[in-house]
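This report refers to the structure that appears directly beneath it.
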């Protein structure tokens with residue numbers, strides 16, 4: 001099987017429908033499977049998937065198990081040579097998946113990749129990062145970048161031309177393509193991360209094992225970014241972020 005697409009969803013039924021539809025239209029010519037892991041949505045998302053997309057493998061959780069655990073549930077069943085973690089608020093162009101599968105086949109040393117992400121208006125999103133440092137996270141937590149915009153330039157790879165291909169530290173988890181050989185070598189996502197930093201940790205482990213993490217603009221997808229997050233209180237988001245950040249630094253050390 002060429003590719004397994006895994007989408008973890010929570011209360012974004014309309015966006016999820018559009019996402020699944022774009023994936024199914026974009027797998028022509030590929031052998032593919034699609035998993036949806038529903039994290040206890042209350043908006044009938046799971047029922048919609050079951051009724052409208054019977055070909056999709058649906059996993060229903062009775063509670064919100066977070067991003068890492070939910071993805072692992074599907075990764076344990078997935079059979080694809082490439083494994084794409086795709087947020088439900090993403091929309092793929094019809095040629096995105098065939099291009100990315102072919103590109104990965106031609107770059108056997110790449111363990112993780114992402115394509116160009118654009119807004120609904122077509123503007124390129126700068127969603128590549130260096131690995132977090134204590135300083136970069138203090139800036140983010142204290143919102144210093146709103147007063148001093150250049151303080152996060154290094155962390156955000158501000159010097160990179162995103163119309164060109166680059167080796168990077170980490171790519172955004174909303175479109176996160178993994179080579180099966182990389183997953184088999186370094187293992188599943190660390191389930192101690194409920195949300196945030198799980199993909200950063202995965203990229204860190206992949207690079208430590210000798211795999212490349214690459215951003216390529218050869219294909220693109222539309223990112224409607226943060227539709228689930230809009231439903232979560234600021235306090236809860238801050239708690240999830242800090243818990244994951246502390247676990248990341250405990251695991252990989254401060255830098």
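Okay, residues lined up against (1) over 30 Å from residue 18 (Cβ atoms); (2) in contact with a strand residue (DSSP E or B) (Cβ under 6 Å, 6 or more places away or on another chain); (3) at pLDDT 90 or above:
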position	(1), (2), (3)
220	no, yes, yes
223	no, yes, yes
228	no, no, no
231	no, no, no
237	no, no, no
248	yes, no, yes
254	yes, no, no
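Residue-wise test of (1) touching a strand residue (DSSP E or B) at 6+ places or on another chain (Cβ under 7 Å); (2) assigned to a helix (DSSP H, G or I); (3) surrounded by fewer than 16 Cβ atoms within 10 Å (Cβ to Cβ).
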site: 101; (1), (2), (3): yes, yes, no
site: 105; (1), (2), (3): no, yes, yes
site: 120; (1), (2), (3): yes, no, yes
site: 126; (1), (2), (3): no, no, yes
site: 131; (1), (2), (3): yes, no, no
site: 135; (1), (2), (3): no, yes, yes
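Checking residue 88 against (1) assigned to a loop (DSSP other than H, G, I, E, B); (2) over 14 Å from the mean Cα position of the chain (by Cα); (3) under 21 Å from residue 222 (Cα atoms), only one condition comes out false. Which one?
The single condition residue 88 does not satisfy is (2).
Considering every residue within segment 32-44, establish whether at least one is in a helix (DSSP H, G or I), surrounded by 23 or more Cβ atoms within 10 Å (Cβ to Cβ) and under 19 Å from the mean Cα position of the chain (by Cα). Give the derivation first.
Of the residues in segment 32-44, the ones in a helix (DSSP H, G or I) are none.
No; the residues of segment 32-44 include none that is in a helix (DSSP H, G or I), surrounded by 23 or more Cβ atoms within 10 Å (Cβ to Cβ) and under 19 Å from the mean Cα position of the chain (by Cα).
Return a yes/no flag: does segment 59-82 have any residue that is in contact with a strand residue (DSSP E or B) (Cβ under 7 Å, 6 or more places away or on another chain), free of Cβ contacts under 8 Å to residues at least 24 places away in the same chain and either outside any strand (DSSP E or B) or farther than 23 Å from residue 202 by Cα (or both).
Yes; the residues of segment 59-82 include at least one that is in contact with a strand residue (DSSP E or B) (Cβ under 7 Å, 6 or more places away or on another chain), free of Cβ contacts under 8 Å to residues at least 24 places away in the same chain and either outside any strand (DSSP E or B) or farther than 23 Å from residue 202 by Cα (or both).
Please state which of the following conditions residue 15 fails to meet, knowing it meets all the rest: (1) over 23 Å from residue 68 (Cα atoms); (2) in contact (Cβ under 8 Å) with a residue 60 or more places away in the chain.
With (1) over 23 Å from residue 68 (Cα atoms); (2) in contact (Cβ under 8 Å) with a residue 60 or more places away in the chain applied to residue 15, the lone miss is (1).
Please give the number of the condition residue 51 fails out of (1) in contact with a strand residue (DSSP E or B) (Cβ under 9 Å, 6 or more places away or on another chain); (2) part of a helix (DSSP H, G or I); (3) without any contact (Cβ under 8 Å) to a residue 60 or more places away in the chain; (4) surrounded by fewer than 20 Cβ atoms within 10 Å (Cβ to Cβ).
Exception for residue 51: condition (1).
The values are calculated or read from the model by the stated rules, or taken from the named source; none is laboratory data. Here the structure is a predicted model, which is why all the values come from computation and not from measurement. Here the Cβ is made from the backbone with ideal geometry for all residues, glycine too, and neighbour counts use every protein chain on show.
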